Every structure is written in C-alpha cells, then in structure tokens.
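In what follows, a single structure is set out as structure tokens and then discussed.
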Amino acid sequence: MAGVRLKDLSKSFGAVEVLKGIDLTVEPHEFAVLLGPSGCGKSTTLRMLAGLEPATAGEIWIGERNVTNLEPRERDIAMVFQNYALYPHMTIAQNMGFGLKARKLPAAEIAERVKTAAEMLGITDLLGRRPRELSGGQQQRVAIGRAIVREPSLFLFDEPLSNLDAKLRVEMRTELLQLHRSLDATTVYVTHDQEEAMTMADRIVVMNKGRIEQIGSPSEIYFRPASLMVAGFIGSPAMNFVDGTVSDGKVGTPIGAISAPSLPGDGTKVTIGFRPDDFYFPDDLPEEETAATLSFSVRFVELLGARGIVTMRAGDTDFKAIFEERFLHRFEEGATVPLSLARDRLHLFLKETGERVAPDAA
Amino acid sequence: MTNTVGQSRLASLVVALVVALAIVVVLFPFLWIFLASIKPASVVALPDVWTFSPTARNWNDVLLGSDVPKNILNSLIVSVVTVSVALFTGAPAAYSFSRYKTGAGFRFTILAAEMMPPAILILPLFLILYQLGLIDSLMGVILAHLTFVVPVITWFLIGFFDDVPRELEDQAMIDGYTRFQAFYKVILPAIRPGIAAAAVFGFVLSWNDMFYALILTGGESKTLPVAIAGFWTFRGIDMGKMAVAILIAVVPILIVSFFIQKHLVRGLGGGAVKF
Amino acid sequence: MSLRYRLILPLTLLLAAVMAYPLVFSAWISLHDYRLTRLYDVRFRGLDNYLYIFGDAPFLKAMTNTLMFVAGAVSLELVLGLGLALLLQRLVRFQNFARAVLLAPMFITPIAVGLMFRFMLSSELGVIPHYLRLMGLGVDWFSADLALFSLMLIDAWQWTPFMLLMFLAGLEALPRSPFEAAKVDGASPWMTFWHVTLPMLRPVILVALIIRALDAFKVFEYVYAITRGGPGDATEVILFHIYKTGFRFFRMGEAAAMAFILIAITLVLVVILYSAMQRK
C-alpha cells in the first residue's frame, strides 16, 4: 500500500481556477476523506489523482512514483463512482474481471480473484447476472468488488454511497470501513456528507473554493475548526455565530459582552461561535468557567425524541440550542430564558479572514 | 399516463373500433397487393375479384425470369456498403460530438446535412460521376447514398452516446485502457442496441431510395425501387409482376424495422430532444 | 492532433468529398448557363438563372404546389397522428400489436406506396373507386382538381405513422402528476387535453412538424409513380420540376438555381428545428 502526496496542485478549466495550490499527504493505510460543499474541488482533486483530469500545475505522487503525467491505467489505482459505472453489456463476473483482463492476467486467476472478492461481499450468486437486473445496493457492492479484485495500491471513492437509501448507506459505511481495514488499504474518499466523513475518516480534508481549509482527525475538525467555514460546515444543527469587537478583555456583541481567553488586541473585529450543545443553565456552570450569561426569547421547539432543538432569538439573530427532552419544559414559546456559555467551548475567529484565533488552533 | 382506469366500457369499445379501422386502412393495401401477386393475369386488373384460383406464375416469372434478383443484389450491395462506411466514419465522430461536445457548429452541420434536399446534390453528383465514368455503377449510387445515410447514422448515434455515463469510460481507463481503447472496447459494445438500430435505419433509408438511383443508374446497376417503377410503363403495366416486386422490396424491411421501433425515437432526437 | 479531432476526421473528409464539394460545384453551376447538351459552351450568367426562375411561371407553380402539398399533408398527419396516439394510449388490449402495425407504412419505399395507390385508386382498375361508385360516389382521384389532394392522402397514409411514433414517445414521457392534478381539479377530458396534454407536448409537436415538413418538401416518388406532374401542371412539385429541368431538358444551371432556393427554405426550417431541439 502506498501513500499519496499532492504538491501545490492546481487546476483551471479555461479561465476558471477550480483548484488553487493543494498540498496534501495521505499516509499509507490511511482512510482520508475529502469533504466540502459542492463545487469546492474535491471531486476534481480525486479525478486528478485518478488521472482522469490532467493537472494544470503541481505534482501528484503515489508511493514513490511521480504519476503526474501518467495515464490512469498506469497509476495502479481502483475507483468507485457515484453511479457505479458498471458496464451494462457485461455480466457481473465480467465486470469485476475486466480490469484484470485488461492487464492480461490468466483467466484462471481472474476467476479465482473474482470469486474471492464476491464471497467477501456476499454477491457470489449475482455473478452471472447483468447490472440492470441488480438493485442499487447490489450494484454498489459489485462496484466495490471490482475495485477489490484489482488489489491496487490506492482506492478512490467518489461519493459512492450517495445514491443509496439512508438505511443502506449506514450499513455500507461500516462494511466499507471493515474492508478498508482487512485489506489494509490506502483510501481517498470524497463525500459532501459530513456524517459519513466523521464516522469513516482517519483524517478529514475540508475543502472550500478550491483550497484546503483544514486537515485533521474528525475530533480536531469538530472541536477545533480552523476557520469560520469549517466551523459552519461541520455539525448539525450548525454552529451559532455572533459578531463582535474586542475591548477590555471582552468581546462586545449585540447580545451582550462575552469574555473569552486569549483575545486579540482591542478593536479587533471577531466572530464568536458556539455549538448548539454548548448552552448551559446558569446554575450548572461555575462562575469562573462562564463566558457570559445571556437572555434568549424562545421561538419554537422541535422534538427529535430524546432531545430537542430550541430555536431562540437574541438581538436580531436566531440561535439554535440542543437540550435533553426533560429540560424542554423550560422553553415555552415566548418565554425569556437566561443561558450561559462556557469559556472553553467558545470558538473565536477573525471576522475579516475567518481565521481561528482562540482558543489557539493547536 | 396510460389512463385506462375509470374508462367506461363504451369508451373502450369506441377506442378499439377506431384503432381497428386504422389498422384496416394500413393493412388493406398490403392485402390487395398480395392478392394481385397471386391472381391469374385474366383477373388482376378487375377491381372486384376476391375469389380466384391462386397462381404462383408471377412469383416464378419475377424470381426466375426477370432482372429482379439482380436488382435485389444491387440494392443489398449498395445498402450494406453504404451503412458500413457510415458506421465507420459516423460512430467515432458521433462519440466525439457527444463526449467532447466538439463544436456546436458540427452538430448543426450534421443536422443540416441530414435535411439537405437531394435536388441540390444530384446535379453535381451526376456531373462528377459522369466525368469519372461512374454513371450506371453501384459505386455512384453508394456515393450518393452516403450523402444522406452518413448524417442520419451520425445524428442517431450522438443520442445513444449521450446516454452513456462518462464514468463508464473513466472506469475503463482506470481498468487499464487508453481512451481510444475505452471507446471501442467498452463504449461501443455498451451501445450495441443503438448501433444496431442506427444500422438498420440507415439500411432502410438506402434500400428505399429511388430518387438518386433513378438518375444515376439505368441498366446493369438498377436497384430494386427503380426496377419496381419500371413495371408501369407507357406500354402498359404488368400488375401481377409489379405486385411481386413490391412485396419483395417491402416485406423484409417491415420485418427488420419491427425490431428498431423502440430505439427510433431516441435516434431521431439525436441527443437533442429528450423525451 | 487530439483524439477528439482525430475521431471526426474520417467523417469530415467523407462529408467534404460527397457533400461540400458537390455543393460548391452546384453553386458554380447555378451561376452558369450549364446545359448537358452543350458542355463545350458553358457561359457565366451571374445571377441571371435566379432572376429568370423567379419570373418563370412553371417554377412558381411548382413552388405553390409544393407549399400546398406540405401544408396540407403535414397538418393532416399532425391531426391524425395525435388522435391515433391518444387513442392507442387508451387501448385496453393489443396495444403493442396495434402500434407495430400502425407504424409499418413509414418504413417502406415510397415508390412502392405510390404504385400501390396508383393501382388501387385508378379509375378503371382501382378497387377503391369501384366500391365508392357502388355507394354512389363517382370520384376521379387523379383529376386536375383532386390529384394534389390525393397525393396528400397518400403521404398521410405513409407518414402519419411518423407523427404517431413521436407523439407516443412524447406522451409516454410526460409526468403523471399534472394529469392527476387536473383530475383532482375536476377538469373534463377535453379541458385536460387542451390545457395540460397539448401544452406539455408542444416541444415534441414542433420538432415532429418541422422534421415532417422538411421531408415533405422532398416529395418525388408519388408524383413520379402516379401523375408525373399532371394532369397539366396540377401536381408538378419542386423536386419533380428540378428533375425535369435538369435531366429531361438538361438545363442544369436553372435546375441548380432552383435547388438553392429550396435549400434556403430548408435552412430556415433547420435553424428553427435546431433551436427547438436545443431549448428542450
């Protein structure tokens, strides 16, 4: 298994710059997820890694080889596409063996490898059928099987689960992870689904507008988002934000002053973020850990089961908070409720650049 | 939106009757021509003879004692060669138009070529072939037929290529093929039904043409449609034999066309009209 | 050269040889006094051929006949095709059989269709006039008054199936929900047809109409098989007129000029067709 290195990789379609200098290292055996909103360049990065799009500038290394100018077939990779891309005129067995046939492996070995992979995925009884006779989930398995038989040095996945229904998607996640581990593979996986990224990735690469916003483990991405964009993109419901100006060791905001550790100099315009789970009842939070206690007027409550989402207003901004069901009676529509924010749960970003300032991005 | 639910019995009956009437209108000419082909010469020209003792004489005369078998062979050669050339030149081009969106101008040119009135091309083609000494040769007819079969087949295939997801050739390239190999080892086989339909449609067009063949042939190289027209002359007609020739020209086409009916709409749309 | 251009190279060369070159040649001919009988004496005439045919009564008559033929035949086919498509949809049984049979005429060679109908409509030997006479209707289908109309009917027999094919596909592709909404809204079948089906089918109708119209301009075989332009000039259509001018009277220059006028009309229709297709 090989690692991947992208060095200052750029891509333009005509005058449109879709990738602006990507630097990324994926370690061998790692499961790396490229995550971002549509149009952020994640799929383009993957397609360039596969050799399906030529790079405008920069280098691509797979293992110890510079593959920047190599054809896809020379890169020793396997890829699973969102729409599965099964050859409609071939049987499942032929589909899975096609890449090996192209590499002129003996028929017996092809059959053997196809059989092994099919058993692994539980699709042995489908081998004689054609793609159109299969359900979406089955086609997905075949597409994965086709990648496995190749025993490539790198697996690429382009939103492979997004055409499946919700239940199947969750099942396939687990299964894909198990496969990744048992094959000891290196995987680069593209998705726009943050839940998928959080549950599957060793490392997440958050991309936005052709740049990498942050690279880190799922918990780093969630608890220490490096920028406003990442903070707003990860987490559901999304992080709450309020703009303010630093003065006197506090941040003055339209909803009240909020104290925070390691503030930049006075007069700096900042954005403070806090997640919906990070509201406390004032009594539950010791004074020294409290950043601020603010008044919110309740607009409505959505019950999700054991928990509920409270939508509240302060100033002219809506905030969302998550509370356990047993506390929800405190949030009657129209009521004004004081809630506290914890100092160590705040995220501080420079308003101008969106860069994280506190707590430091360590 | 098949709307048979809640349709009254009477309405269904009326629908069935009208459709049946339309079927009769379509089938009657075939029936009448078939009867003419097995009627004895004495009654073939009478409009109200329904009972007679059938004869195979016309069929014998046409198949064994006329030029029609030669005309059939001519037509076959022309159609097969024309369609083959059209596929070899049209398929790669259609793929390029579809996959690379190669110039909207090209697409328009193909459509315009497809719709080109034959009147504009027949004059120069005739003169060119005349100078090359190719009048009354199959080669000349083939060249003429290429002018309409090639654009039609290309236009047809664009639509089928448009339906192939781009990932299919991406996958083939990752599986180990060059782009061109991906085209002929994966994409072409994947649209086999579309290619078959385009080929059959092109064959039908070439087989059915009389205009070009009438002007460019005359003797040895007459195709079947020209030969059919020759049965009705100023000296009189031989209705029985003409009926046989018509059936020979028409029945095989009806049979093959049956298989392409469902692909026809996609093809005619040429990647532009999505139904 | 990149693959995309290598792929279109064979086609480009072929079309250049069999279409572009003849087209240019044709344009050249149209500017000359080019007679097949006097090839040693080809003279440049400039636009005289064009000027001449615009004042040429037989040409104008052929143009009028063709336009009438196109308008008549195509609208007949539109109405019949749409009607049959709607009926076929409601057919409870034998739908596939009926469809296959009703589509058949569009696949057969037009010269055969022409000869079949000449045989069946002929006033002495024709089976149809015979039975019409028994019903008290003595009609001479190929008289000066009726011949062009008869040719339209024959065209409709052969080409209504094309409309049917397009409309069946178009209807099949329509979403169900507007029809269900119309039903919920209590719309009568007539209102549904007029306000839901027809507007949604409009793009398909437009495309089918233009393709058929372009094709109908090329009408030749029925005329050649049946009337040869007669009686008098009642069925002299443009393609037949060009054929006669070029290959009976050998006046190639004039014939080419006529063909170019036909091409101008065709191109206008193709532009409309192309933009209609792109918009979809």
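Being more than 14 Å from chain A (Cβ to nearest Cβ) and either touching a residue at least 40 places away in the same chain (Cβ under 8 Å) or not small (Gly, Ala, Ser) (or both) is a property that holds for B:LEU157.
To keep it simple, each residue is scored yes or no on (1) more than 9 Å from chain B (Cβ to nearest Cβ); (2) basic (Lys, Arg); (3) without any contact (Cβ under 8 Å) to a residue 40 or more places away in the chain.
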{"site": "C:ALA182", "(1), (2), (3)": "yes, no, yes"}
{"site": "C:ASP185", "(1), (2), (3)": "yes, no, yes"}
{"site": "C:PHE193", "(1), (2), (3)": "yes, no, no"}
{"site": "C:LEU198", "(1), (2), (3)": "yes, no, yes"}
{"site": "C:ARG212", "(1), (2), (3)": "yes, yes, no"}
{"site": "C:LYS218", "(1), (2), (3)": "no, yes, yes"}
{"site": "C:VAL237", "(1), (2), (3)": "yes, no, no"}
{"site": "C:PHE240", "(1), (2), (3)": "yes, no, no"}
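Over 24 Å from A:GLN214 (Cα atoms) and in contact with a Lys or Arg (Cβ under 7 Å, 6 or more places away or on another chain) - does that describe any residue in the stretch A:66-79? Checking the stretch A:66-79: at least one residue is over 24 Å from A:GLN214 (Cα atoms) and in contact with a Lys or Arg (Cβ under 7 Å, 6 or more places away or on another chain). When the stretch A:65-103 is filtered for residues that are open to solvent by 20 Å² or more (accessible area, probe 1.4 Å), more than 9 Å from every other protein chain (Cβ to nearest Cβ) and not in a helix (DSSP H, G or I), the ones remaining, listed by number, are A:ARG65, A:ASN66, A:THR68, A:ASN69, A:LEU70, A:ASP76, A:THR91.
Being part of a loop (DSSP other than H, G, I, E, B), free of Cβ contacts under 8 Å to residues at least 60 places away in the same chain and among the charged types (D, E, K, R) is the filter here, so list the residues in the stretch C:22-53 that pass it. The one that is part of a loop (DSSP other than H, G, I, E, B), free of Cβ contacts under 8 Å to residues at least 60 places away in the same chain and among the charged types (D, E, K, R): C:ASP41.
Counted as qualifying within the stretch A:188-259 are the helices (runs of 4 or more DSSP H) with 2 or more residues that are of a type outside the set (Val, Ile, Thr) and open to solvent by less than 20 Å² (accessible area, probe 1.4 Å), namely A:194-200.
For the stretch C:163-195, the set of residues classified as over 19 Å from C:LEU84 (Cβ atoms) and aliphatic (A, V, I, L, M) consists of C:ALA181, C:ALA182, C:VAL184, C:ALA187, C:MET191, listed by residue number. Filtered by the rule that a residue be open to solvent by less than 40 Å² (accessible area, probe 1.4 Å) and closer than 21 Å to B:LEU64 by Cα, the stretch B:245-262 gives B:ALA245, B:ILE246, B:LEU247, B:ILE248, B:ALA249, B:VAL250.
Residues in the stretch C:244-261 that are surrounded by fewer than 23 Cβ atoms within 10 Å (Cβ to Cβ) and under 19 Å from the mean Cα position of the chain (by Cα): 2 in all. When B:LEU63, B:LEU46 are screened for being aliphatic (A, V, I, L, M) and either assigned to a helix (DSSP H, G or I) or in contact with a Gly (Cβ under 8 Å, 6 or more places away or on another chain) (or both), only B:LEU63 passes.
Name the single residue that is farthest from the chain's Cα centre (by Cα) among those in the stretch B:54-88 being modelled with pLDDT under 95 and either of a type in the set (Val, Ile, Thr) or at positive phi (or both). The selected residue is B:THR55. Restricting attention to the stretch B:50-61, which residues are surrounded by 15 or more Cβ atoms within 10 Å (Cβ to Cβ) and either more than 16 Å from B:LEU247 (Cα to Cα) or basic (Lys, Arg) (or both)? Residue satisfying the conditions is B:ARG57 alone. Of all residues in the stretch A:5-35, those that are part of a strand (DSSP E or B), under 18 Å from A:ALA57 (Cβ atoms), out of contact with any helix residue (DSSP H, G or I) (no Cβ under 7 Å at 6 or more places or on another chain) and aliphatic (A, V, I, L, M) total 3.
In the stretch B:89-105, the residue that is farthest from C:ALA257 (Cα to Cα) out of those that are surrounded by fewer than 21 Cβ atoms within 10 Å (Cβ to Cβ) and at the interface with chain C (Cβ under 7 Å from one of its Cβ atoms) is B:TYR100.
Assess whether A:ASN83 counts as being under 19 Å from B:ILE187 (Cα atoms) and at pLDDT 90 or above.
no
Among the candidates B:VAL141, B:VAL152, the residue that is within 24 Å of C:ILE8 (Cβ to Cβ), more than 7 Å from chain C (Cβ to nearest Cβ) and either modelled with pLDDT of 85 or more or touching a helix residue (DSSP H, G or I) at 6+ places or on another chain (Cβ under 8 Å) (or both) is uniquely B:VAL152. Scanning the stretch C:113-158 for residues that are open to solvent by less than 60 Å² (accessible area, probe 1.4 Å) and hydroxyl-bearing (Ser, Thr, Tyr), we see that the one that is farthest from the other protein chains (Cβ to nearest Cβ) is C:SER143. Going by the conditions given, is A:ASP266 at negative phi, out of contact with any helix residue (DSSP H, G or I) (no Cβ under 6 Å at 6 or more places or on another chain) and either assigned to a loop (DSSP other than H, G, I, E, B) or among the hydrophobic types (A, V, I, L, M, F, W, C) (or both)? Yes.
Is it the case that the stretch B:195-205 has a residue that's under 23 Å from the mean Cα position of the chain (by Cα), over 30 Å from A:ARG47 (Cα atoms) and not in a helix (DSSP H, G or I)? There is no residue in the stretch B:195-205 that is under 23 Å from the mean Cα position of the chain (by Cα), over 30 Å from A:ARG47 (Cα atoms) and not in a helix (DSSP H, G or I).
Within the set B:ASP136, B:ASP162, B:ASP170, the sole residue that is closer than 18 Å to B:PHE97 by Cβ, surrounded by fewer than 24 Cβ atoms within 10 Å (Cβ to Cβ) and charged (D, E, K, R) turns out to be B:ASP162.
Looking at B:ALA227, B:ALA197, B:ALA182, just one residue is small (Gly, Ala, Ser), away from every other protein chain (no Cβ under 11 Å) and in contact (Cβ under 8 Å) with a residue 12 or more places away in the chain, and that residue is B:ALA197.
Residues are listed down the side, and each one gets a yes or a no for (1) within 21 Å of C:LEU11 (Cβ to Cβ); (2) surrounded by fewer than 23 Cβ atoms within 10 Å (Cβ to Cβ):
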residue	(1), (2)
B:VAL141	yes, no
B:PRO151	yes, no
B:ARG179	yes, yes
B:VAL200	yes, yes
B:ALA243	no, no
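C:PHE94 meets each of the listed conditions (1) farther than 30 Å from B:LEU188 by Cβ; (2) more than 8 Å from chain B (Cβ to nearest Cβ); (3) within 27 Å of the chain's Cα centre (by Cα); (4) open to solvent by 40 Å² or more (accessible area, probe 1.4 Å) apart from (3). Among helices (runs of 4 or more DSSP H) entirely within the stretch C:161-243, having at least 1 residues that are under 30 Å from C:SER26 (Cβ atoms) singles out C:198-216. Within the stretch A:288-302, one or more residues are assigned to a strand (DSSP E or B), open to solvent by 70 Å² or more (accessible area, probe 1.4 Å) and over 20 Å from A:SER236 (Cα atoms). Of the residues contained in the stretch A:183-196, one or more are found to be farther than 13 Å from A:LEU35 by Cβ and modelled with pLDDT of 90 or more. The set of residues from the stretch C:26-52 being of a type outside the set (Gly, Ala, Ser) and open to solvent by less than 30 Å² (accessible area, probe 1.4 Å) comprises C:ILE29, C:HIS32, C:TYR34, C:ASN49.
The values are calculated or read from the model by the stated rules, or taken from the named source; none is laboratory data. Because the structure is predicted, anything quoted here is derived from the model rather than measured. Neighbour counts run over all protein chains shown; Cβ positions are idealised from the backbone, glycine included. Surface accessibility is based on the protein's heavy atoms, side chains included, excluding ligands, DNA and RNA. Shrake-Rupley method; radii C 1.70, N 1.55, O 1.52, S 1.80 Å.
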